[in-house]
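Step one of this worksheet: look at the structure below.
The values are calculated or read from the model by the stated rules, or taken from the named source; none is laboratory data. Here the structure is a predicted model, which is why all the values come from computation and not from measurement. Glycine gets a Cβ as well: all are built from the backbone with ideal geometry, and neighbour counts include every protein chain shown. Side chains are part of the model used for accessible areas, which takes the heavy atoms of the whole protein and leaves out ligands, DNA and RNA. Shrake-Rupley method; radii C 1.70, N 1.55, O 1.52, S 1.80 Å.
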Amino acid sequence: MNTLLKIGLRNLFRNKQRSLQLGLLIAFSAFIISFFSQFLAGIVKNFSGTVIELATGDIYLASHLNDDDEKNIFDRDYEYFSLDPAIKQKLATMDEVKYLHPRLEVLAQVSTHNDTVSQQLLAYDLSVEKKLNNNFNFIQGRMLQAGKKEIILPKDFAERYQVKVDDSLAVLAKTTKGRINVIRLKVVGIFTISNLSIWFENYLYTDIGSAQIIANDPNVATRINIGLKENTNIEQFIEKVAPLIEEVKTPTKKSVEFTNWQVGAENFKIQIQMFETSFFVLIMIVCLVLAAAITFTTILVTMERTKEIATYGGLGARPKKIRRILVTENVILSNIFSITGILLAIIIYLITQQVGIPVTSEYVASIIGSSRFYPALDIEGFVGSFILTWLVAFIASYFVTRSATKKPIADAMADR
């Protein structure tokens, strides 16, 4: 084997320029596969983490979800339910629970200067949802204050209906008893959203206390997001706490239940699958380009070294031995440069993991759920890139050299 290595290295140095060009392509291919696997892992981690923190919790408590209901958590029709403070306290203090975030989402009629429009109103507890507070970028005005009858509006809504900061809006919505209630809320801010903007910018926002005044119940909610501590078994936790809420009903007598965040985020899973599909298509393209380059280079090499191959045969070397020499050259080249590409990917991964990659496109930022992207560690990506480039180098070299080494010696000598 040492002899094969020596011969392989010697032959690679015989044409340094061609070997370097092919080696750089192998390094680039290994880098692309390695780094983009960390990129994909980062998308999945950032995206799912953002959805859980801002939208769903690990599980959420809401009215029963029928099979034919829209499963996207932002498009579901929620019903009011009233959770006794004692039950809420028991849930919040359980060992497995990291946080409890009550939400109140209602379809409200909002009277502006020129029109009355239907718009989703989302209320939450400002004092506990710090990450959601930080998700607002204010163009004008300021953030809501707890206990104040205030409202903040997305930029598009404010511009469409010509609403400004300090305006007063009449907001009408149903109470838990089905009657209509009205409250006047002062506009204190106009915002855009940092994360998940494609969904979060469809709401007007107020403090949960103000929304509970509209609903006429200080304990009402439409959803409670529950964050669980790491390594908590979700199914076992749901079974454990189910007796606490089995008597809780909605005004229409529909039961409430716990739902896993993934069920409430079907559309997010589809988008992650789209990223994964795009990644695999990218890998296929990289492998095909690399295979074509190695095949073309190996054909040139065997054509230039026809006499040398014939000489090996004349000295008694079997085609299998000659083929092994030629394949070893490309495998050595692949090993050296794929490791180089992987090391470069590791360095860039470590840097970008610390500083992040700014996402300048608002559309992309809304899809991945972040205005700054951070890759996540995927060891399989590093190992897989080495194996893939090795396989491509071996297979492409094998099939080209297989035909070249079977050529009769007399014909090979005549070609030269």
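If you check every pair at least six apart or on different chains, which have Cβ atoms under 6 Å apart with a residue in the range 147-162 that is touching a residue at least 24 places away in the same chain (Cβ under 8 Å) first and a residue that is in a helix (DSSP H, G or I) and among the small types (Gly, Ala, Ser) second?
Correct list of pairs: Gly147/Gly209; Lys149/Ser210.
Among the residues in the range 208-226, are any more than 19 Å from Ala92 (Cβ to Cβ), surrounded by 15 or more Cβ atoms within 10 Å (Cβ to Cβ) and in contact with a Leu (Cβ under 6 Å, 6 or more places away or on another chain)?
Scanning the range 208-226, I find at least one residue that is more than 19 Å from Ala92 (Cβ to Cβ), surrounded by 15 or more Cβ atoms within 10 Å (Cβ to Cβ) and in contact with a Leu (Cβ under 6 Å, 6 or more places away or on another chain), so the answer is yes.
Do any helices (runs of 4 or more DSSP H) lying entirely in the range 131-244 carry at least 1 residues that are more than 20 Å from His101 (Cα to Cα) and aromatic (Phe, Trp, Tyr), and which ones are they? Even if it seems obvious, please write down each step before you answer.
On the way: elements: 155-160, 197-200, 208-215.
Per the criteria, 155-160.
Pull out all pairs, ordered by first then second residue, where Cβ-Cβ is under 8 Å, the residues are six or more apart or on different chains, the first lies in the range 85-102 and is more than 14 Å from Gly57 (Cβ to Cβ) and of a type outside the set (Asp, Glu), and the second is open to solvent by less than 30 Å² (accessible area, probe 1.4 Å) and part of a loop (DSSP other than H, G, I, E, B).
From the range 85-102, the pairs are Ile87/Val248.
Testing Leu61 on (1) closer than 20 Å to Thr206 by Cβ; (2) of a type outside the set (Gly, Ala, Ser); (3) in a strand (DSSP E or B); (4) in contact with a Phe, Trp or Tyr (Cβ under 6 Å, 6 or more places away or on another chain), one condition comes back false. Which one is that?
Checking Leu61 against (1) closer than 20 Å to Thr206 by Cβ; (2) of a type outside the set (Gly, Ala, Ser); (3) in a strand (DSSP E or B); (4) in contact with a Phe, Trp or Tyr (Cβ under 6 Å, 6 or more places away or on another chain), the one that fails is (1).
Only one residue in Glu380, Glu329 is assigned to a helix (DSSP H, G or I), of a type in the set (D, E, K, R) and at pLDDT 85 or above, so which one is that?
Working: Glu329 fails: at pLDDT 85 or above.
So the residue among Glu380, Glu329 that is assigned to a helix (DSSP H, G or I), of a type in the set (D, E, K, R) and at pLDDT 85 or above is Glu380.
Quick one: would you say Leu126 is closer than 27 Å to Lys177 by Cα and either part of a loop (DSSP other than H, G, I, E, B) or of a type in the set (Phe, Trp, Tyr) (or both)?
Numbers: closer than 27 Å to Lys177 by Cα: yes; either part of a loop (DSSP other than H, G, I, E, B) or of a type in the set (Phe, Trp, Tyr) (or both): yes.
Yes.
For the range 177-197, what are the residues that are under 38 Å from the mean Cα position of the chain (by Cα) and open to solvent by less than 30 Å² (accessible area, probe 1.4 Å)? Steps first, please.
Restricting attention to the range 177-197, the residues satisfying the condition of being under 38 Å from the mean Cα position of the chain (by Cα) are 185-197.
Selection gives Leu185, Val187, Val188, Gly189, Ile190, Phe191, Ile193, Ser194, Leu196, Ser197.
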